[in-house]
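Accompanying notes for the structure given below.
Here, each number is a calculation from the coordinates, and none is a lab measurement. Predicted model, so just to flag it, every value in this text is computed and none were measured. Positions of Cβ are backbone-derived with ideal geometry, glycine not excepted, and every protein chain shown enters the neighbour counts.
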Amino acid sequence: MEQGIAGRRALVTGAGKGIGRRTVQALHEAGARVVAVSRSRADLDSLARECPGIEPVCVDLGDWEATEQALASMGPVDLLVNNAAVALLQPFLEITKEACDKSFAVNLRAVIQVSQMVARGLKARGTPGSIVNVSSQASQRALTNHSVYCSSKGALDMLTKVMALELGPHKIRVNAVNPTVVMTPMGQANWSDPQKAKAMLDRIPLGRFAEMDNVVDAILFLLSDRSSMTTGCTLPVDGGFLAT
């Protein structure tokens with residue numbers, strides 16, 4: 001079945017590593033023209049070697065003015081994946097202003113800013129589009145030491161719904177994916193302790209963590225024409241964690 005991705009222009013944030021990097025690779029393989037955004041020049045350089053023809057943009061999305069400048073001339077974008085995020089874990093009684101500011105600047109405010117830029121272009125051109133926000137199971141379940149992260153992802157879920165409500169009349173769909181622990185290099189490092197992993201795995205009916213392609217497949221589905229009647233959803237990719 002035709003996905004409606006080939007030939008379209010896609011922008012992916014947090015493209016340097018993990019889910020974002022694999023999303024860029026998958027979109028490139030599907031024939032999309034990809035703008036890859038990361039704050040790491042080295043990651044973008046290596047990604048450009050793997051995926052010739054992508055357009056790398058190096059910027060810290062936590063900086064509103066720098067982001068505005070970096071993306072001002074990006075041109076028309078049809079598909080957007082808001083993947084960039086930070087996870088600053090602190091016990092509730094030790095949460096700092098800096099952790100709050102950075103987390104919400106990247107995990108929520110940057111999503112608003114980049115989505116506004118893309119959606120304004122789609123509206124002006126009268127072109128249908130699709131936006132996917134990468135959220136987390138932490139948006140809907142309390143996790144120790146994750147107060148700020150859980151809160152920012154909970155806000156992202158609600159932002160997704162309001163964006164879907166307001167942008168739907170302009171033929172722009174907005175959805176979120178909500179993964180469990182994903183076996184990115186960072187996920188493998190953070191969950192390598194068998195005791196820590198067991199505590200989480202015991203709450204996942206399928207008994208395993210997600211692989212990157214599990215999440216990327218869901219992202220591509222929501223970007224594609226195969227999900228043309230789906231908007232405002234938060235799609236768990238969690239092995240049943242949120243069902244328990």
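Can you tell me how many residues in the stretch 178-198 are of a type in the set (A, V, I, L, M) and either in contact with a Pro (Cβ under 8 Å, 6 or more places away or on another chain) or without any contact (Cβ under 8 Å) to a residue 24 or more places away in the chain (or both)?
Here the count works out to 2.
Taking the condition over 14 Å from the mean Cα position of the chain (by Cα), surrounded by fewer than 21 Cβ atoms within 10 Å (Cβ to Cβ) and not in a helix (DSSP H, G or I), does SER192 pass?
Considered against the rule, which asks whether it is over 14 Å from the mean Cα position of the chain (by Cα), surrounded by fewer than 21 Cβ atoms within 10 Å (Cβ to Cβ) and not in a helix (DSSP H, G or I), SER192 comes out as yes.
Would you confirm, using the coordinates I've provided, whether GLY168 is surrounded by fewer than 16 Cβ atoms within 10 Å (Cβ to Cβ) and touching a residue at least 24 places away in the same chain (Cβ under 8 Å)?
Yes: the conditions hold for GLY168.
Just the residues that are in contact with a Ser or Thr (Cβ under 6 Å, 6 or more places away or on another chain) and either among the aromatic types (Phe, Trp, Tyr) or more than 16 Å from VAL114 (Cβ to Cβ) (or both), please, taken from the stretch 144-163.
Across the stretch 144-163, the qualifying residues are VAL148, LYS153, GLY154, ASP157.
Residue check, ARG173 against (1) among the charged types (D, E, K, R); (2) farther than 15 Å from PHE241 by Cβ; (3) in a helix (DSSP H, G or I), all met but one. Which one?
Single failed check for ARG173: (3).
This table checks each residue for (1) under 22 Å from CYS150 (Cβ atoms); (2) assigned to a helix (DSSP H, G or I).
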site	(1), (2)
VAL77	no, no
ALA85	yes, no
ALA99	yes, yes
SER115	yes, yes
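Check off (1) surrounded by fewer than 22 Cβ atoms within 10 Å (Cβ to Cβ); (2) touching a residue at least 24 places away in the same chain (Cβ under 8 Å); (3) in a helix (DSSP H, G or I) for ALA110 and give me the number that stays unchecked.
For ALA110, the exception is condition (1).
I'd like the full set of residues that are within 20 Å of the chain's Cα centre (by Cα), among the aromatic types (Phe, Trp, Tyr) and over 19 Å from VAL35 (Cβ atoms), limited to the stretch 62-107.
Correct list: PHE104 only.
Out of the stretch 60-75, which residues are without any contact (Cβ under 8 Å) to a residue 12 or more places away in the chain and assigned to a helix (DSSP H, G or I)?
If the condition is that a residue be without any contact (Cβ under 8 Å) to a residue 12 or more places away in the chain and assigned to a helix (DSSP H, G or I), then GLU65, ALA66, GLN69 are the ones that fit.
Check whether at least one residue in the stretch 124-147 is under 11 Å from HIS170 (Cβ atoms), buried (at least 17 other Cβ atoms within 10 Å of the Cβ) and without any contact (Cβ under 8 Å) to a residue 60 or more places away in the chain, and report yes or no.
Yes: the stretch 124-147 contains one or more residues that are under 11 Å from HIS170 (Cβ atoms), buried (at least 17 other Cβ atoms within 10 Å of the Cβ) and without any contact (Cβ under 8 Å) to a residue 60 or more places away in the chain.
Please specify each residue of the stretch 44-59 satisfying the condition of being of a type in the set (Gly, Ala, Ser) and part of a helix (DSSP H, G or I).
SER46, ALA48
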